[in-house]
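Peer 1: Below you'll find the structure I mean.
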Amino acid sequence: MAWTWRIETSEGEQAALESDVPDFPSQSDAESWLGEVWRELADAGASQATLLEHDREVYGPMSLSAD
């Protein structure tokens, strides 16, 4: 299974990031990664993230705001 994040602006458009969002072998790996980098993503202009298993939305969008 491939797990990944769709990282978006507040308008729901794909955020322009310096690097691609990786694929992960498990949901917990994907969630751990987001927990480590969410501040960097927010600083780069991202506002929300949605977890995907292949093309299926698992949950989200969830805010990347510290508020």
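Peer 1: Please state the relative contact order of the chain as a whole percent: Cα pairs under 8 Å, 6+ residues apart?
Peer 2: Rounded, it is 39 percent for the chain.
Peer 1: What are the ³J(HN,Hα) couplings of segment 27-39, residue after residue, when phi is run through the Karplus curve with 6.51, -1.76, 1.60 and θ = phi - 60°? Round to Hz, x for glycine and proline.
Peer 2: With coefficients 6.51, -1.76 and 1.60, one gets 5, 5, 5, 5, 5, 4, 4, 4, x, 7, 10, 4, 5 Hz.
Peer 1: For segment 36-67 and segment 1-33, what is the separation of their C-alpha centers, rounded to whole Å?
Peer 2: 7
Peer 1: Enumerate the amide H contacts of SER47 below 5 Å, restricted to partners 5 or more residues apart or on another chain; note that Pro and chain-start residues carry no placed amide H.
Peer 2: GLU8, THR9, SER10
Readers should treat all values here as calculations from the given coordinates under stated rules, not as data from a laboratory. Since this is a predicted model, take the numbers as computed values, not measurements.
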